[in-house]
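The values are calculated or read from the model by the stated rules, or taken from the named source; none is laboratory data. Being a predicted model, the structure only gives us computed values, none of them experimental. We place every Cβ from the backbone using ideal geometry, glycine too, and count neighbours over all the protein chains shown.
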Amino acid sequence: MKSRYAIILAAGQGTRMKSKLHKVLHPILEQPMIRYVINALKPASVNELVTVVGHGAEEVKAEIGDESSFVLQEEQLGTAHAVMQAEALLNEKKGTTIVVCGDTPLITSETYEQLFAHHESLQSKATILTTDMDNPTGYGRVLRSENMEVERIVEHKDATDAEKNVKEINTGTYCFDNEALFAALKQVDNNNAQGEYYLPDVIEILKAQGEKVAAFKTDDETETIGINDRVALANAGKVMKNRLNEQHLRNGVTIEDPDHTYIGPNVVIEQDVIIEPGTMITGETTIGAGTFIGANCEIANCIIGKDNVIRQSVVKNSKIGNKTNVGPFAHIRPDTSVGDRARIGNFVETKKSDIGADTKVSHLSYIGDAQLGKDINVGCGTVTVNFDGNEKHQTTIEDEAFIGCNTNLIAPITIGKGALVAAGSTIYNDVPEDALAIARSKQSSKEGYARKILDK
Ligand code: UD1
Ligand code: CA
């Protein structure tokens, strides 16, 4: 196989997004769009990947990390000028260079591979990835001769009315013979409606030199959406959501209403998981077989085991065992680990805590910076008082302890194994194993007083 190189164009400002965030960092299902492009290019095994950065260069580089080399386009003078910046790294290399826009995140690995294969088999100097669009407004149009050979590309803003009627568009993705590309770029000028150096002009230049140029047309127009504004971003989000949901459905996951269920690209879901509407599952999340995720849950970066029931809850950066119940209305904050057959009930918030197997925190509690052992019952309204205004402190509750309702556990504190804390206590000294701790004021009942007060 010939050597392969890739250039991703990501220097433009993205003015039409009307955003402080650089365009290619706008997320789709909580993953920046440029990451989809990088990931889709991976199977093509390019020898070198170069990303052209400009606006938001530091942020874009931080997102991509060491998966690409970078060149800086200081002034955004157009897509041809952007590609030219990669010359220092790729000039004189022999092989095929794919140029991809950072704002077309839906193109799949399969399509990239088909484009490479088409280009390599035809041995053309340039092959454009094109598609027919029902509404091609805004895209460059592919103009062909009478015998259907590709002649050139005209930008929407430069097109005549007749040219605007052409449905076949330039997706902004091309394969080039690397040396021919950099030679032709030197001839591109900026005599056009936008005063920019257009990469598509390379096609006409190569053609004029008698070189072979070609097109590979894909029939899925949704794949090639270029995201220039938030309308396109929303449309691309829908397409990606449907594509991912369909994969899960085919893998044996029940998604009751795929139109209203949002699952990120790095989520792994086992068979017989049921997901109700309004739920969003993102980040690096795994969900084990047989787990039920009820309506309106928000789950991100979690490892969730098998046969759990999670209802109407927010669960972030945490671990849930197997056969555990969460919610409704629980808030599992980062670094929580919940064991098997446990229960985190309504209006319970947890953070940086381990909660052992068979332990139940069923109602209205806050568990933060705490280590809870096995088989513990935490009564309604228990609070780990973890913050003294300056520092956070740890609470430890050992196996089989029973914490009565409405208890404050002032950390740092340890409740020993099998200990019993009476309801309404404010506990500030460690409680030994098997001890009963009561820390509440004594009750007094004054006979007949109620009537006296109420009858006044
Ligand atoms: C471009 C194509 C158009 C095609 C469309 C497909 C040109 C002139 N036009 O138009 O034919 O139909 O994509 O979506 O190429 N960029 C830079 N530096 C620059 C300018 C742009 O890095 O100086 C980057 C942008 O960040 C973006 C990509 O190149 O990722 C495309 O630029 P954009 O301005 O979005 O081009 P379109 O108008 O969409
Ligand atoms: Ca674009």
Say whether the condition of being within 16 Å of ligand 2 (Cβ to nearest atom), hydroxyl-bearing (Ser, Thr, Tyr), at pLDDT 95 or above and part of a loop (DSSP other than H, G, I, E, B) is met by at least one residue in region 109-131. no
Just give me the residues in region 17-54 being over 30 Å from Ala300 (Cα atoms) and within 14 Å of ligand 1 (Cβ to nearest atom), in sequence order. Val50, Val52, Gly54
Is it the case that region 6-13 has a residue that's away from ligand 1 (no atom under 13 Å from the Cβ), crowded, with 22+ Cβ neighbours inside 10 Å, of a type outside the set (Phe, Trp, Tyr) and closer than 16 Å to Leu89 by Cβ? yes
Mind telling me which of the residues Gly78, Gly14 ends up being on the phi > 0 side of the Ramachandran plot, within 15 Å of ligand 2 (Cβ to nearest atom) and at pLDDT below 95? Gly14
Enumeration of residues in region 157-192 that are more than 35 Å from the chain's Cα centre (by Cα) and of a type in the set (Asp, Glu): Asp158, Asp161, Glu163, Glu179, Asp189
Which one of these does Ala450 not meet: (1) of a type in the set (A, V, I, L, M); (2) within 20 Å of Gly345 (Cβ to Cβ); (3) not in a loop (DSSP other than H, G, I, E, B)? (2)
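Just checking, which of Phe182, Phe176 is part of a strand (DSSP E or B) and more than 10 Å from ligand 1 (Cβ to nearest atom)?
Answer to the selection: Phe176.
Condition check ((1) over 32 Å from the mean Cα position of the chain (by Cα); (2) among the aliphatic types (A, V, I, L, M)) across all residues:
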{"site": "Glu349", "(1), (2)": "no, no"}
{"site": "Val361", "(1), (2)": "no, yes"}
{"site": "Ser365", "(1), (2)": "no, no"}
{"site": "Asp375", "(1), (2)": "yes, no"}
{"site": "Gly381", "(1), (2)": "yes, no"}
{"site": "Val385", "(1), (2)": "yes, yes"}
{"site": "Asp388", "(1), (2)": "yes, no"}
Within region 82-108, of all residues that are more than 15 Å from ligand 2 (Cβ to nearest atom), at pLDDT 95 or above and of a type outside the set (A, V, I, L, M, F, W, C), the one surrounded by the most Cβ atoms within 10 Å (Cβ to Cβ) is Thr97
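Can you report the number of residues in region 156-173 which are near ligand 1 (Cβ under 9 Å from one of its atoms) and in contact with a strand residue (DSSP E or B) (Cβ under 8 Å, 6 or more places away or on another chain)? Reasoning before the result, please.
Taking region 156-173 and keeping what is near ligand 1 (Cβ under 9 Å from one of its atoms), we get 156-157, 169-173.
Imposing the further condition that a residue be in contact with a strand residue (DSSP E or B) (Cβ under 8 Å, 6 or more places away or on another chain) reduces the set to 156, 169-173.
Qualifying residue count for the region: 6.
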Restricting the first residue to region 245-264 and requiring it to be more than 21 Å from Gly283 (Cβ to Cβ) and surrounded by fewer than 17 Cβ atoms within 10 Å (Cβ to Cβ), which pairs with a second residue that is among the acidic types (Asp, Glu) and modelled with pLDDT of 95 or more meet a Cβ separation below 7 Å and a spacing of at least six or different chains? Gly252/Asp272; Glu256/Glu276
For region 59-87, how many residues are within 20 Å of Tyr174 (Cα to Cα), in a helix (DSSP H, G or I) and among the hydrophobic types (A, V, I, L, M, F, W, C)? 4
Residues being over 17 Å from Asp307 (Cα atoms) and aliphatic (A, V, I, L, M) - total across region 325-374: 9
Please determine, by comparing only the residues of region 62-92 that are touching a residue at least 24 places away in the same chain (Cβ under 8 Å) and acidic (Asp, Glu), which one is farthest from ligand 1 (Cβ to nearest atom). Glu92
Restricting region 62-81 to residues that are aliphatic (A, V, I, L, M) and buried (at least 19 other Cβ atoms within 10 Å of the Cβ), the residue that is nearest to Asp201 (Cα to Cα): Ala80
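Aliphatic (A, V, I, L, M) and either crowded, with 17+ Cβ neighbours inside 10 Å or within 19 Å of Gly356 (Cα to Cα) (or both), is that true of Ile438? Full working, then the answer.
Numbers: aliphatic (A, V, I, L, M): yes; either crowded, with 17+ Cβ neighbours inside 10 Å or within 19 Å of Gly356 (Cα to Cα) (or both): no.
It is false that Ile438 is aliphatic (A, V, I, L, M) and either crowded, with 17+ Cβ neighbours inside 10 Å or within 19 Å of Gly356 (Cα to Cα) (or both).
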Go over the candidates Gly95, Gly102 one by one and state the one that is under 30 Å from Ile281 (Cβ atoms), touching a residue at least 60 places away in the same chain (Cβ under 8 Å) and touching a helix residue (DSSP H, G or I) at 6+ places or on another chain (Cβ under 6 Å). Gly102
Flag for Leu21 being under 27 Å from the mean Cα position of the chain (by Cα), outside any strand (DSSP E or B) and crowded, with 19+ Cβ neighbours inside 10 Å: no
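Having 2 or more residues that are buried (at least 20 other Cβ atoms within 10 Å of the Cβ) is the bar; report the strands (runs of 3 or more DSSP E) wholly within region 288-372 that clear it.
336-338, 343-346, 349-351, 353-355, 366-368, 370-372
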Consider only pairs whose beta carbons are under 8 Å apart and that are at least six residues apart or on different chains; among these, list those whose first residue lies in region 216-244 and is within 16 Å of ligand 1 (Cβ to nearest atom) and whose second residue is among the acidic types (Asp, Glu) and not in a helix (DSSP H, G or I). Lys217/Asp132; Lys217/Glu168; Glu221/Asp132; Glu221/Asp134; Gly226/Asp103; Ile227/Asp103; Asn228/Asp103
Of the candidates Asn251, Asn190, the one satisfying the condition of being among the polar types (S, T, N, Q), in contact with a Gly (Cβ under 8 Å, 6 or more places away or on another chain) and more than 24 Å from Pro32 (Cα to Cα) is Asn190
Within the set of pairs 6 or more residues apart or between chains, which connect a residue that is exposed (fewer than 15 other Cβ atoms within 10 Å of the Cβ) inside region 37-61 to a residue that is of a type in the set (Phe, Trp, Tyr) with Cβ atoms less than 9 Å apart? Pro43/Tyr112; Asn47/Tyr5
